[in-house]
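Student: Got a structure for you, written out below as structure tokens; questions coming shortly.
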């Protein structure tokens, strides 16, 4: 027996509603993140991730309410990302029921944030979210994978492989590796990128971006991912958590 | 109504623990008040973060005294994650050892595995007669930690005037990478888990119910 590969549905939340279409006929209100989270819990999700896509200060309280209501009925780990800029933001999310927090742009702007969060709450609480893509044309990074912000619209010029190594040193407990090239294509994960990151870091990697069918998941694990994350294919009911787990199991890996 | 205090000393995903217990129809209070912590039917000691910082935080509100007072009176205590680790003699998190509560003989050391932290759902080996693991021996539990106790044995607690009598020690183990470590410990009123029962879905709820049944 060994550690199970984690299957993690991700819910993008905007002003308290799930964005990206949700098609579950058995849900009274599929746009309600709390109901959708409960459905995934029933389906056997190993963890849940909420991404606050707007994360404006006016919506902050809405997200706190969503997390709080979710944590009341779901007894699996809950990661919340979006708009985390200071240890105080981490504190308020943990207090309302989050178990881990995702940090992205704020850590790029100020890498000391990683250490400050890890020191106070432990490494395991901090999931560094990295939106990376392959550089096109003239290359500015050594690895050819660069970090982007603003959902892939803005280039940072930072080498993604260098960044994940640095983040590990600073105290990140886990890497949520999102391929901006694969994201939305449903053509499978960026396996080369997962391999490149696996070679350099010892902390767990959550692969994200590109899953279109159950068969897309096992190769990501083969490439070195410890967990797999997807959003729309679960929301659209294109594939269930159970089908993904069956595919992973059939490929010889352990699932819960 | 059965009462449980979740000890609040500034460390841990305390909200998750409070909710998991409240879901079992218990009267749950999050506090560091000594009297309430002593009088409750059960006391949960959570803990997330670094061993040294947790130990310091616990002592600053007198949690070490509360835990030992309860155990001396035979009243159940459940330590979770770093709340489990601090029950041991020493934590080796920053090279030099930080003293723990010394209730279990053993040191808390860094896991030896290719990927650390150990994060996710793992199986355990429960011993015969385990109270906590009854009915959930074959289930997976949620772990998230980089350090663990690699051995466990009854400690000499006579200096604390603490006598476990002939209470039997039962250790549940987990193997990850090249490490075999303590996943759960029970001896008399002292219970502890390295994993998070409050995050382990149905199996975790059953474990908490098993603990409550000892009150």
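The values are calculated or read from the model by the stated rules, or taken from the named source; none is laboratory data. None of these values were measured; they are calculated from a predicted model. Virtual Cβ from ideal backbone geometry, glycine too; neighbours counted across all protein chains shown.
Student: If we keep just the residues of the range B:20-32 that are closer than 30 Å to residue B:93 by Cα and in contact with a helix residue (DSSP H, G or I) (Cβ under 6 Å, 6 or more places away or on another chain), which is surrounded by the fewest Cβ atoms within 10 Å (Cβ to Cβ)?
Tutor: Once the filter is applied, the top-ranked residue is B:30.
Student: On to the next question. I'd like the residue in the range B:96-113 that is within 29 Å of residue A:197 (Cα to Cα) and without any contact (Cβ under 8 Å) to a residue 60 or more places away in the chain and, out of all such residues, is surrounded by the most Cβ atoms within 10 Å (Cβ to Cβ). Full working, then the answer.
Tutor: Of the residues in the range B:96-113, the ones within 29 Å of residue A:197 (Cα to Cα) are B:109-113.
When the remaining residues are screened for being without any contact (Cβ under 8 Å) to a residue 60 or more places away in the chain, the result is B:109-110.
Values: B:109: 19, B:110: 13.
Applying the filter and picking the extreme gives B:109.
Student: Here's a follow-up. Give the range A:165-186 a look and list any residue that's surrounded by fewer than 24 Cβ atoms within 10 Å (Cβ to Cβ) and closer than 16 Å to residue A:221 by Cβ, or say none.
Tutor: If the condition is that a residue be surrounded by fewer than 24 Cβ atoms within 10 Å (Cβ to Cβ) and closer than 16 Å to residue A:221 by Cβ, then A:182 is the only one that fits.
Student: Oh, and also: Mind listing just one residue for me: the one in the range B:33-53 that is touching a helix residue (DSSP H, G or I) at 6+ places or on another chain (Cβ under 7 Å) and within 13 Å of chain A (Cβ to nearest Cβ) and, of those, farthest from residue B:142 (Cα to Cα)?
Tutor: B:51
Student: Being at positive phi and in a loop (DSSP other than H, G, I, E, B) is the filter here, so list the residues in the range B:113-145 that pass it.
Tutor: B:129, B:135
Student: Go through the range A:141-172 and report how many residues are without any contact (Cβ under 8 Å) to a residue 12 or more places away in the chain, at negative phi and touching a strand residue (DSSP E or B) at 6+ places or on another chain (Cβ under 8 Å).
Tutor: The qualifying residues number 2.
Student: Between residues in the range B:114-137 that are within 14 Å of another protein chain (Cβ to nearest Cβ) and residues that are loosely packed, with under 14 Cβ neighbours inside 10 Å and not in a loop (DSSP other than H, G, I, E, B), which pairs lie under 9 Å by C-beta distance while being six or more apart or on different chains?
Tutor: Matching pairs, first to second residue: B:116/B:110; B:136/B:202.
Student: Scanning the range B:187-215 for residues that are within 11 Å of another protein chain (Cβ to nearest Cβ) and in a loop (DSSP other than H, G, I, E, B), which turns out farthest from residue B:145 (Cα to Cα)?
Tutor: B:200
Yes/no matrix, rows are residues, columns are (1) touching a helix residue (DSSP H, G or I) at 6+ places or on another chain (Cβ under 7 Å); (2) touching a residue at least 40 places away in the same chain (Cβ under 8 Å); (3) more than 23 Å from residue B:71 (Cβ to Cβ); (4) crowded, with 22+ Cβ neighbours inside 10 Å:
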residue: B:143; (1), (2), (3), (4): no, yes, yes, yes
residue: B:150; (1), (2), (3), (4): no, yes, yes, no
residue: B:162; (1), (2), (3), (4): yes, yes, no, no
residue: B:170; (1), (2), (3), (4): no, yes, no, no
residue: B:179; (1), (2), (3), (4): no, yes, yes, no
residue: B:199; (1), (2), (3), (4): yes, yes, yes, yes
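Student: Got a sec? Which of B:21, B:30 is in a strand (DSSP E or B), more than 16 Å from residue B:101 (Cβ to Cβ) and within 13 Å of another protein chain (Cβ to nearest Cβ)? Before the answer, list the steps.
Tutor: Working: B:21 fails: in a strand (DSSP E or B).
Being in a strand (DSSP E or B), more than 16 Å from residue B:101 (Cβ to Cβ) and within 13 Å of another protein chain (Cβ to nearest Cβ) holds for just one of B:21, B:30, which is B:30.
Student: I would also like to ask the following. Can you pull out every residue in the range A:2-17 that is on the phi < 0 side of the Ramachandran plot and either away from every other protein chain (no Cβ under 14 Å) or surrounded by fewer than 19 Cβ atoms within 10 Å (Cβ to Cβ) (or both)? Walk me through how you get there before you give the answer.
Tutor: If we filter the range A:2-17 for residues that are on the phi < 0 side of the Ramachandran plot, which is where we start, we get A:2-14, A:17.
Result: A:2, A:9, A:10, A:11, A:12, A:13, A:14, A:17.
Student: Another question, if that's okay. Could we say that residue B:78 is farther than 14 Å from residue B:195 by Cα, in contact with a strand residue (DSSP E or B) (Cβ under 6 Å, 6 or more places away or on another chain), surrounded by 24 or more Cβ atoms within 10 Å (Cβ to Cβ) and more than 13 Å from chain A (Cβ to nearest Cβ) here? Give the derivation first.
Tutor: Numbers: farther than 14 Å from residue B:195 by Cα: no; in contact with a strand residue (DSSP E or B) (Cβ under 6 Å, 6 or more places away or on another chain): yes; surrounded by 24 or more Cβ atoms within 10 Å (Cβ to Cβ): yes; more than 13 Å from chain A (Cβ to nearest Cβ): yes.
In short, no.
Student: Just to verify a result, which residue in the range A:78-99, among those that are touching a helix residue (DSSP H, G or I) at 6+ places or on another chain (Cβ under 7 Å) and at pLDDT 95 or above, is surrounded by the most Cβ atoms within 10 Å (Cβ to Cβ)?
Tutor: In this case the residue turns out to be A:80.
Student: Now for a separate question. Looking at the range A:88-116, which of its residues are more than 21 Å from residue B:17 (Cα to Cα) and within 14 Å of chain B (Cβ to nearest Cβ)?
Tutor: A:115, A:116
Student: What is the number of the single condition among (1) under 22 Å from residue A:39 (Cα atoms); (2) within 14 Å of chain B (Cβ to nearest Cβ) that residue A:175 does not meet?
Tutor: For residue A:175, the exception is condition (1).
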